[in-house]
1. Amide H of residue 148: which non-local residues (sequence gap of 5 or more, or other chain) have their own amide H closer than 5 Å, using H built in the peptide plane?
2. Could you give the length gained on full extension between residue 66 and residue 108, defined as 0.36 nm per residue of separation minus the Cα-Cα distance, in nm?
3. What is the spin-label model distance, in nm, from residue 3 to residue 134 if the labels are put 7 Å beyond Cα along the C-beta direction?
4. What percentages, rounded to whole numbers, describe P(r) for the stretch 99-196 computed over all alpha carbon pairs with 5 Å bin width beginning at zero?
5. Go through 148-161, 179-192 and give me the packing order, highest mean Cβ count within 10 Å leading.
6. Compare the Cα positions of 121, 183, 194 along the charge dipole of the stretch 97-196 (+1 at Cβ of Lys, Arg; -1 at Cβ of Asp, Glu; about the Cα centre) and return the one farthest towards the positive end.
7. Summarise the accessible area of the stretch 109-196 (1.4 Å probe, protein heavy atoms) by the percent that is carbon and sulfur.
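The values are calculated or read from the model by the stated rules, or taken from the named source; none is laboratory data. Please read all numbers here as calculations on a predicted model, not as lab measurements. Heads up, the Cβs are rebuilt from the backbone with ideal geometry, glycines too, and the neighbour counts pull from every protein chain shown. Protein only, heavy atoms only, side chains kept; ligands, DNA and RNA dropped before computing areas. Shrake-Rupley method; radii C 1.70, N 1.55, O 1.52, S 1.80 Å.
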Amino acid sequence: LCVDAGDLDGDGDLDVVHAGQGNDSFSVTDTFSVGWHENLGGGEIDTTVNAVFNNDNSYILSLVVVDIDVDGDLDLLFDKAENGYMGYHPNTRITSASVKLETPDAFSLSQNYPNPFNPATTIRYALPKAAMVRLTVYNALGQVVRELESSFKQAGYHEATFNASDLGSGVYFYRIDAVGSSGERFQETRKMLLIK
């Protein structure tokens with residue numbers, strides 16, 4: 001079992017990441033797997049395993065949490081014994097696997113993280129029921145600069161990445177427009193700051 005810690009979900013505290021084998025208590029499936037546990041704060045670690053990937057029965061010798069691609073998000077760097085190579089899983093795979101299984105009580109749009117940012121930031125939102133979601137970024141003049149989401153999403157916690165490497169410094173706004181299957185509508189707008 002390999003264990004390391006890092007702020008995988010970007011909430012400011014250290015989460016626990018591990019590689020487990022077979023039927024040990026940390027295993028995600030009956031193969032050699034990698035998963036992580038969310039730090040709930042106050043010294044409490046969530047016992048739910050968030051699967052990152054199943055490792056095709058190749059034993060992992062070591063596992064390190066590090067920002068290997070220098071994008072501001074922590075990635076997983078690992079060494080496999082069976083075929084003797086090093087590899088990594090970028091944080092986009094970690095966060096997409098980390099969508100919580102519980103259903104939110106209400107629609108919400110969280111403040112982007114990090115903020116201020118350069119050049120990328122993560123926007124999280126919650127859906128208490130399945131909905132058609134449109135997530136759009138505007139500049140200070142109210143012009144659309146990016147459409148991050150325009151699709152049907154299941155109930156749960158979701159996130160999108162906004163990469164502003166092609167945009168100039170300044171204040172930007174992001175807006176969610178979600179329409180549930182029963183016709184209920186949720187709209188909210190938040191402000192973010194790009195500093196280059």
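1. 135, 136, 137
2. 12.1 nm
3. The modelled label-to-label distance comes out at 4.8 nm.
4. In whole percents, the pair-distance histogram is 3, 14, 26, 23, 16, 11, 6, 2, 0.
5. Result, highest mean Cβ count within 10 Å first: 148-161, 179-192.
6. 194
7. 50
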